[in-house]
Amino acid sequence: MSDHTDPTSVGPTDLEYRRTVSWFLTGVAVMTSLSAEGLPHGMTANAVTSVSLDPLLVLVCVDREAGMAKVVQEGRVFGLSFLAADQQPLSDHFATEERGFGLEEFADVATHAGPTGAPLLDGASAWLDCELHDVLPGGDHLLVLGRVIHTAIADGADDALVYTPDGYDTWTRTSPSAR
């Protein structure tokens, strides 16, 4: 364990940091937006958090080098589809560079448009549809803040895809009172 009181201590490595924060279990979402030309783009995101109730704000961390960084700033809207337990293939698809861009990227992905026009993935457990509120620097990432204008939960949504220190897993509601 690092001694953080030692002024010569450099701090944790990238690997040490990633291994430690992986113990904070996260849901898995696909962030979608539209380019300036109206083409859809998506990326898997698990650095997502609720920020504010007044106004309703959500934050997504986007790598500065990712295509989504440019697209969401051009399109000024984005959707978040919180993946159901059986949607790991969609998480994997939107996490790879080989998926292409635009219509090619969504060729085999069933979607519907949210009120902003951002594509939302069919079969997800829940969705947020957002207008871009602000983009702030966050080291090698951008902190993308969205003003939530629409929410929805799928009928019968009882399970979610989560990411744990061991990889993907499933979170399931255990009782109706949990709702």
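The values are calculated or read from the model by the stated rules, or taken from the named source; none is laboratory data. Note that the structure is a prediction, hence the values are computed from the model and not measured. All Cβ positions, even for glycine, are placed from backbone atoms using ideal geometry, and neighbour counts span all protein chains on display. Note: accessible area is taken over every heavy atom of the protein model, side chains too, but ligands, DNA and RNA are not part of it. Shrake-Rupley method; radii C 1.70, N 1.55, O 1.52, S 1.80 Å.
Per-structure values
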{"quantity": "Of all residues in region 1-17 being loosely packed, with under 11 Cβ neighbours inside 10 Å and modelled with pLDDT of 80 or more, the one that is farthest from Gly167 (Cα to Cα)", "calculated": "Val10"}
{"quantity": "Contacts under 8 angstrom Cβ, first residue in region 30-52 being within 14 Å of Ala69 (Cβ to Cβ), partner modelled with pLDDT under 95 and of a type in the set (Ser, Thr, Tyr), 6 or more apart", "calculated": "His41/Ser35; Ala47/Thr26"}
{"quantity": "Qualifying residue in region 62-83 (condition: of a type in the set (Gly, Ala, Ser), open to solvent by 40 Å² or more (accessible area, probe 1.4 Å) and under 23 Å from Ala152 (Cα atoms))", "calculated": "no"}
{"quantity": "Subset of region 89-112 [modelled with pLDDT of 90 or more, touching a strand residue (DSSP E or B) at 6+ places or on another chain (Cβ under 7 Å) and surrounded by 14 or more Cβ atoms within 10 Å (Cβ to Cβ)]", "calculated": "Leu90, Ser91, Phe94, Ala95, Glu105, Phe106, Val109, Thr111"}
{"quantity": "Matching entry among Val51, Val30, Val21 (being under 9 Å from the mean Cα position of the chain (by Cα) and either open to solvent by 40 Å² or more (accessible area, probe 1.4 Å) or not small (Gly, Ala, Ser) (or both))", "calculated": "Val30"}
{"quantity": "Tally of residues being of a type in the set (Val, Ile, Thr) and either under 16 Å from Leu83 (Cβ atoms) or open to solvent by 80 Å² or more (accessible area, probe 1.4 Å) (or both) across region 136-154", "calculated": "2"}
{"quantity": "Strands (runs of 3 or more DSSP E) completely within region 68-155 that count 2 or more residues being closer than 20 Å to Gly38 by Cα and in contact (Cβ under 8 Å) with a residue 12 or more places away in the chain", "calculated": "77-82, 119-121, 126-138, 141-153"}
{"quantity": "Qualifying residue in region 155-165 (condition: open to solvent by 50 Å² or more (accessible area, probe 1.4 Å) and under 15 Å from the mean Cα position of the chain (by Cα))", "calculated": "yes"}
